[in-house]
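The values are calculated or read from the model by the stated rules, or taken from the named source; none is laboratory data. Just so you know, these numbers come straight off a predicted model, no measurement behind them. Don't worry about glycine lacking a Cβ; one is built from the backbone with ideal geometry, like all the others, and counts go over all protein chains shown.
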Amino acid sequence: MKKLRFGLFENAQTNDSGTSTWRHPDSQRHLFDTLGYWREIARICEDAKLDFLFLADAWGWADVKGQRPEICSLEGLDLPRLDPAIVAAAIVGATSKLGLVITGSTLLEQPYAFARRMQSLDHLSGGRVGWNVVTTGTAETAVAAFGVPMVAHDARYDMADDFMELVYKLFEGAWEAGSLERDKAGRFADPSKVHAIAHDGPFFRSHGYGNTNYSPQGTPVLFQAGSSDRGRQFGGRHGECVFLGGGSIEKLASQVKSIREEAEANGRDGNSIKIMSAFSCVVASTEAEAQRKHREILDAQTPEVAVASYAWFTGLDLSSYDPATKMSALHTELSQTQVARFGDKTVGDVLKDWHAHGVRTNPFVGTPEQIADIMCEMAEGADLDGFLFTPLIQPASTIDFVAQVLPVLRARGVAATDYEGETLRERLLGTPTPVLRDDHPGSGYRSLSA
Ligand code: 9WY
Ligand code: RBF
């Protein structure tokens, strides 16, 4: 079995992913806006040799009948939050090996400024940065806040393709690797290695010189998470690491297969894409104790959050439908993953399901050996490359996972015992150099420098 990779999924906000576990006595997430919280999380990750910390992100708010329901403020449901790039910058100085993956929106960011932000993080971290490219699920309220027009779901991915083309020019072509000589005799940079870019795309334009020099990885490691049809196409073209929401081994296996096929159709080696599944667990030394801990987590949640939270992800107010309505009859222009994953279930089923675990799938509950067995079965059965651990209570769930489950996986030889490789790309993708593989479309933009 291949050696698995591990990341920790986090959010710089009090509650995330449709659950309201902040009231649990062990949760520290109400301190999401303090440096102390993030230093502690970074220390746990690095001590456990996790490959990276992943910061999800979103804009907008839960909108039910044009309102932000009061329950959202009472529960800290979708707001307030911090900017993940700033959180990552704060963690850079407190760590030396941990990868830092931030989520950035191609609908709402300015590509020219965003490229500089990512390059700055890549420089200061010595090549430890990744970017989770999203088109923003919460688009309707987010565009209202930004004062920009709404863009429909699939068109947002067309926009994302254009955004990528422009930032590849900036990441890869504007300043060649090694352009800085820093020679005090009078050559700071080699002018022949600095190139003007020109981009006139359907959504974005940029002409002139890049604002930042070539960073250790050139392009940050590209993550992708949307699993709608159009999202998967985008992932097959640009993604180096694809994050799946979890589910049955059969469902994961078919998603993995189709992502690898999509990559092949884009002239890439399908196996070069690392595919990681979300994974939650509640672990204790006995099954009965684990079940008790799980009940405590469920009790920390309020049922009212389910309706508001589902509306946040999809814009659909499930309380306004007959509970017998089939989910397949509903449509969203927001996060399609969160409608499609319920197939033929009814609105009533989904409200119950969402109350129990929100956007995540059901957590696995059991002893460290039982959890390790499931992870190995999933990885082998679905051809996964690793897991993004999605904790229910922070930092308690992560501490349980790294202290109890990870050692079992290490003893079985499926988890690394130390950091290998200097940059995030070399470590995660096993590339021989820190930069994009030659079969990745972004690498073609280096020819600007020819
Ligand atoms: C996230 C996981 O509709 P799609 O599923 O293709 O414009 C819609 C787009 O943002 C959605 O993609 C949304 O589902 C993507 N998405 C995630 C999707 C999955 C499956 C496991 C994590 C995701 N994390 N969109 C985010 C996120 O942090 N921010 C976001 O805007
Ligand atoms: N964020 C989205 O905007 N849309 C999604 O469909 C989405 N799906 C997710 C699925 C899983 C399994 C996980 C762990 C996260 C997902 N996220 C998604 C990211 C995250 O939960 C969300 O942006 C935060 O809750 C922000 O409030």
Pull up the stretch 1-44, narrow it to residues that are assigned to a strand (DSSP E or B) and either modelled with pLDDT under 95 or within 15 Å of ligand 2 (Cβ to nearest atom) (or both), then point me to the one that is farthest from residue 395 (Cα to Cα).
6
Tell me the residue from 308, 278, 290 that is surrounded by 14 or more Cβ atoms within 10 Å (Cβ to Cβ), touching a helix residue (DSSP H, G or I) at 6+ places or on another chain (Cβ under 7 Å), of a type in the set (A, V, I, L, M, F, W, C) and touching a residue at least 24 places away in the same chain (Cβ under 8 Å), please.
308
Pick from the stretch 76-107, criterion farther than 21 Å from residue 122 by Cβ, surrounded by fewer than 21 Cβ atoms within 10 Å (Cβ to Cβ) and not small (Gly, Ala, Ser), ranking: nearest to ligand 1 (Cβ to nearest atom):
81
Over the stretch 419-440, the set of residues of a type outside the set (Asp, Glu), at negative phi and either surrounded by fewer than 19 Cβ atoms within 10 Å (Cβ to Cβ) or in a helix (DSSP H, G or I) (or both) is 419, 424, 425, 427, 428, 429, 432, 433, 437
Which residues, counting only those in the stretch 311-331, are touching a residue at least 12 places away in the same chain (Cβ under 8 Å), surrounded by fewer than 18 Cβ atoms within 10 Å (Cβ to Cβ) and aliphatic (A, V, I, L, M)?
324, 330
Of all helices (runs of 4 or more DSSP H) completely enclosed by the stretch 85-189, which ones contain at least 3 residues that are closer than 25 Å to residue 420 by Cα?
111-125
Hey, residue 256 hits all of (1) within 24 Å of residue 391 (Cβ to Cβ); (2) out of contact with any Asp or Glu (no Cβ under 8 Å at 6 or more places or on another chain) but one; which does it fall short on?
(2)
Restricting to the stretch 347-375, give me the number of residues that are within 16 Å of ligand 2 (Cβ to nearest atom), assigned to a helix (DSSP H, G or I) and within 11 Å of residue 306 (Cβ to Cβ).
6
Single residue of 116, 128 found to be modelled with pLDDT of 95 or more and either surrounded by fewer than 21 Cβ atoms within 10 Å (Cβ to Cβ) or of a type in the set (Ser, Thr, Tyr) (or both):
116
Looking only at the stretch 355-369, and only at residues there that are over 15 Å from residue 312 (Cβ atoms) and either hydrophobic (A, V, I, L, M, F, W, C) or under 24 Å from the mean Cα position of the chain (by Cα) (or both), the one that is nearest to ligand 1 (Cβ to nearest atom):
361
Which is buried (at least 22 other Cβ atoms within 10 Å of the Cβ) and among the charged types (D, E, K, R), of 240, 261?
240
Would you point out which residue out of 176, 172 is buried (at least 17 other Cβ atoms within 10 Å of the Cβ) and under 18 Å from residue 131 (Cα atoms)?
172
Can you name every residue in the stretch 49-67 that is over 11 Å from residue 11 (Cα atoms), touching a residue at least 24 places away in the same chain (Cβ under 8 Å), assigned to a loop (DSSP other than H, G, I, E, B) and not acidic (Asp, Glu)?
49, 50, 59, 60, 61, 62, 65
So, in the stretch 370-397, of the ones that are more than 18 Å from residue 246 (Cα to Cα) and in contact with a helix residue (DSSP H, G or I) (Cβ under 8 Å, 6 or more places away or on another chain), which residue ends up surrounded by the most Cβ atoms within 10 Å (Cβ to Cβ)?
394
